[in-house]
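The values are calculated or read from the model by the stated rules, or taken from the named source; none is laboratory data. If you're wondering where the values come from, they're calculated on a predicted model, not measured in any experiment. Please note: Cβ atoms are built from the backbone with ideal geometry, for glycine as well, and neighbour counts cover all protein chains shown.
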Amino acid sequence: MNIGKKFANFTGVLVIYIVTILFVVPQAFAAGDAKKPESQDWEFQGVFGKFDKPSIKRGLQVYVEVCSSCHSLDQVAYRNLLDIGLTVDEAKAVAEEFEVTDGPDGEGEMFERPARLSDKFVAPFSNENAARAANNGAYPPDLSLIAKAHPGGVDYVYSLLTGFKDEAPEGVEMGEDMSYNPYFPGKQISMAQPLYDDSVEYPDGTPATVAQMSWDMANFLHWTAEPEMEQRKSMGWKVVLFLLVLTALLYAVKRQTWAKLH
Amino acid sequence: MSSNIKQSESSGGGLVKWIDSRLPVFTYLQKEYGEFPAPRNFNYWWNFGAILTFMLVLMIFTGVFLAMQYTPHVDMAFDSVERIMRDVNYGWLLRYLHSNGGTFFFIAVYIHIFRGLYYGSYKNPRELLWMFGVTILLLMMATAFMGYVLPWGQMSFWGATVITNLFSAVPLVGDAIVTWLWGGFAVDNSTLNRFFSLHFLLPFVILGVVVLHVIALHVTGSNNPLGIDPKGPQDTIPFHPYYTAKDAFGLAVWITAFAAVVFFAPNFFGEPENYIKANPMQTPAEIVPEWYFLPYYAILRSIDFNLWFIDAKLGGVIAMFGSILVLFVVPWLDTSKVRSARFRPLYKWFFWILLLDCILLGYVGGHPPNEQVFKGVSWLEFIDLGHIGTAWYFFHFLILLPLLGRFEKTKPLPTSITESVLNSGDTSSGRPINSVEEA
């Protein structure tokens, strides 16, 4: 009876907490008429989720060989590639494929040099206007945080990349230079389908299907969006475990203290 | 227990005694947090004072360290936050603690406020204590709003634009006020700079009002679930060790839930769009504030009609600020002499309806006004729910509360806390003593 009451009171607090989470938090999924991204089984999900590093590395290759011709990756530095298992030499090799403007030198001139590990990923265009001019007026967004910047998250990235259709459905009026993609808000996207089977050749022999490359790209962009995830989760379960034990001990202390109340 | 002052002095030794005789901090702590007589029948809803204190301190500490790494400039703010997330040691932890800390701060403060409403904690003699509390809520809202602007994402920028533009509804001087708030003719660098400055300042103002809140509490003493005054020493217990032990346990439960969100779902409460750098040339599809502002946002948007000389925009702004300002006068709007809803059979129902109403308003605030609540049902849009919810909110405070006190037949009050606690089989008030006897 008494324990039951105590439990009821405690659950009261919990219920309010849960109600707040479920109902007050807005379902910000009002992304117009776009199709809801299909949810996938990612390796990074869950309390003990880890990065799928081989997949992230393949995604890096897809980014460098395909995406980087239009999309920047401003928040990521070449040195960060060591975190996904590249050796220093491998990371340097990736950096050197990009030219970066440096300077001014002793003569006061700006000059081009190959990127170094300490540089951030070099953007394909020097500014937004240049990017728009080269892309029929559309602005390819920076990809560093894209996996966190859409309600669908990584699932959205994957669904979008695999969701291109050659033909718009009957009766859909397409804009000029637009591609049909049901996952994009408005279902018309200025980006032409970027990936086709064998767009890249994976050195590890993985068949480069559209689905595989999209999967790898999604894993890569998840990593660029929250590179701290592994550290966060591994610290997280220890902290929560500690707090659970502490809570239990404090509950015992509370009971013992109150037992003195005669 | 009563001789604790002497104990602490003698056990503290020479230095403590030396300080205490010159500045009696130890005597004060002993009096206000050691033996401070608290009603013996608090339930766990009385935990939230301690929880809120913890949250305020956490926010100030994480905030000060974040400020060391943050750059308040429109060209650098977004990147400096990402630098904190990526390159600053445990910067991601600081930032997620701070951003989710805001969310948990508001959850706690709303529970604390509804606790006060349920048990009539605002009534004589605690009116001023309550009003300090409402002041803290207002300051928290201003602080949270300005803090949300600092990362300079899309929602930061457009939220700031929408909210500051509200002041243009003020007759005659509205536009001048907005220009003055912005420090220019658009939400721009000077706006970001002053918001950063004020976001740093206001928490310390909050801390000051919290001190007043606590001083006022220690003058009147705490309310309790029965809402009747302690009649003597048998009705109270010293704050330490009883409520320190209870608060510590409650706080640990709270922090565990908080940590679970920070480490495993740190962006759950956030708006994804704010991970896109602010772009004044591109308006997001839907501008929504943080979840804790959604009910007010719904009230703001519910006034979509002109009333006499008040146009819809001004009306919305008045209603939104009015929804909080009305709390200041709740002690006088509620005419019932009985504090606790336990003995107010009608008020109890209306309390829960008010809570549901606020949750409904929050739900409405997260949706475009003209979206259908149920797909295909054309006669019910969110704006309709907003009208109903807003009307009920003000009806509750302005009409229901004054009338209930007159017409409600309240249940008989127990003669004393101890008696009620010892005899209780029917109410849940008596846990402390019960637990002793059954343990």
The lone condition B:Tyr296 fails out of (1) over 30 Å from A:Ser234 (Cβ atoms); (2) out of contact with any Ser or Thr (no Cβ under 7 Å at 6 or more places or on another chain); (3) among the aromatic types (Phe, Trp, Tyr) is (2)
Regarding segment A:179-192, can at least one residue be identified that is within 14 Å of chain B (Cβ to nearest Cβ), closer than 30 Å to A:Ala77 by Cβ, free of Cβ contacts under 8 Å to residues at least 12 places away in the same chain and out of contact with any Gly (no Cβ under 7 Å at 6 or more places or on another chain)? no
Given (1) more than 13 Å from chain A (Cβ to nearest Cβ); (2) free of Cβ contacts under 8 Å to residues at least 40 places away in the same chain; (3) of a type outside the set (Ser, Thr, Tyr); (4) in contact with a helix residue (DSSP H, G or I) (Cβ under 8 Å, 6 or more places away or on another chain), B:His367 misses just (1)
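Would you be able to tell me the number of residues in segment A:32-68 that are among the polar types (S, T, N, Q) and within 14 Å of chain B (Cβ to nearest Cβ)?
First, pick out the residues of segment A:32-68 that are among the polar types (S, T, N, Q): A:39-40, A:45, A:55, A:61, A:68.
Among the residues that remain, those that are also within 14 Å of chain B (Cβ to nearest Cβ) are: A:45.
Looking only at that region, the number is 1.
Taking segment A:30-59 on its own, how many of its residues are outside any loop (DSSP other than H, G, I, E, B) and in contact with a Phe, Trp or Tyr (Cβ under 6 Å, 6 or more places away or on another chain)? Steps first, answer last, please.
Applying the first criterion (outside any loop (DSSP other than H, G, I, E, B)) to segment A:30-59 yields A:53-59.
After this cut, where a residue has to be in contact with a Phe, Trp or Tyr (Cβ under 6 Å, 6 or more places away or on another chain) as well, the list is A:56, A:58-59.
Total satisfying the criteria: 3.
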ask   = Among the residues of segment A:145-152, is any over 16 Å from the mean Cα position of the chain (by Cα) and basic (Lys, Arg)?
value = no
Out of (1) of a type in the set (S, T, N, Q); (2) within 11 Å of chain A (Cβ to nearest Cβ); (3) in contact with a Pro (Cβ under 9 Å, 6 or more places away or on another chain), the one B:Ser323 does not meet is (2)
* Looking only at segment A:158-168, decide whether some residue is among the charged types (D, E, K, R) and closer than 14 Å to A:Gly59 by Cβ. => no
Flagged pairs (Cβ under 6 angstrom, 6 or more apart or on separate chains; first in segment B:401-421, surrounded by 14 or more Cβ atoms within 10 Å (Cβ to Cβ); second polar (S, T, N, Q)) are B:Pro402/B:Thr335; B:Gly405/B:Thr335; B:Gly405/B:Ser336; B:Pro414/B:Ser420; B:Ile417/B:Asn41; B:Thr418/B:Gln234; B:Ser420/B:Ser429; B:Val421/B:Asn41
Of the residues in segment B:284-306 that are in contact (Cβ under 8 Å) with a residue 12 or more places away in the chain and among the small types (Gly, Ala, Ser), the one that is farthest from B:Met155 (Cα to Cα) is B:Ser302
The lone condition B:Tyr122 fails out of (1) surrounded by 22 or more Cβ atoms within 10 Å (Cβ to Cβ); (2) part of a helix (DSSP H, G or I) is (2)
Residue hits (segment B:64-106; touching a Pro at 6+ places or on another chain (Cβ under 8 Å), crowded, with 20+ Cβ neighbours inside 10 Å and of a type outside the set (Phe, Trp, Tyr)) are B:Ala77, B:Val81, B:Ser99, B:Asn100
Practice problem: For A:Leu250, state whether it is buried (at least 19 other Cβ atoms within 10 Å of the Cβ), within 9 Å of chain B (Cβ to nearest Cβ), modelled with pLDDT of 95 or more and in a helix (DSSP H, G or I). | Solution: yes
Picked from segment A:217-247 (must be touching a residue at least 60 places away in the same chain (Cβ under 8 Å) and not in a helix (DSSP H, G or I)), the residue nearest to the other protein chains (Cβ to nearest Cβ) is A:Pro227
Contact list, first residue from segment B:325-346 and of a type in the set (Asp, Glu), second anywhere and at pLDDT below 95 and surrounded by fewer than 19 Cβ atoms within 10 Å (Cβ to Cβ), beta-carbon distance below 7 Å, six or more apart or interchain, is B:Asp334/B:Gly405
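Quick check on A:Asp155: is it acidic (Asp, Glu) and either closer than 25 Å to A:Phe44 by Cα or assigned to a strand (DSSP E or B) (or both)? Break it down stepwise before answering.
Values: acidic (Asp, Glu): yes; either closer than 25 Å to A:Phe44 by Cα or assigned to a strand (DSSP E or B) (or both): yes.
So A:Asp155 passes the test.
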Exactly one of B:Leu398, B:Leu360 is under 30 Å from the mean Cα position of the chain (by Cα), of a type outside the set (Val, Ile, Thr) and loosely packed, with under 15 Cβ neighbours inside 10 Å, and that one is B:Leu398
Flagged in segment B:207-257 as assigned to a loop (DSSP other than H, G, I, E, B), more than 13 Å from B:Arg126 (Cβ to Cβ), away from chain A (no Cβ under 14 Å) and not hydrophobic (A, V, I, L, M, F, W, C), in numbering order, are B:Pro230, B:Lys231, B:Gly232
Filtering segment A:60-97 down to residues that are of a type in the set (Val, Ile, Thr), surrounded by fewer than 16 Cβ atoms within 10 Å (Cβ to Cβ) and assigned to a loop (DSSP other than H, G, I, E, B) yields A:Thr87
- prompt: For A:Asp197, are the conditions met, namely being farther than 30 Å from B:Tyr275 by Cα, among the acidic types (Asp, Glu) and in contact (Cβ under 8 Å) with a residue 40 or more places away in the chain?
  reply: no
B:Gly316 vs (1) assigned to a helix (DSSP H, G or I); (2) within 26 Å of the chain's Cα centre (by Cα); (3) under 25 Å from B:Gly116 (Cα atoms): all pass except (3)
Within segment A:69-105, restricting to residues that are away from every other protein chain (no Cβ under 14 Å) and among the hydroxyl-bearing types (Ser, Thr, Tyr), the one that is nearest to A:Ala131 (Cα to Cα) is A:Ser69
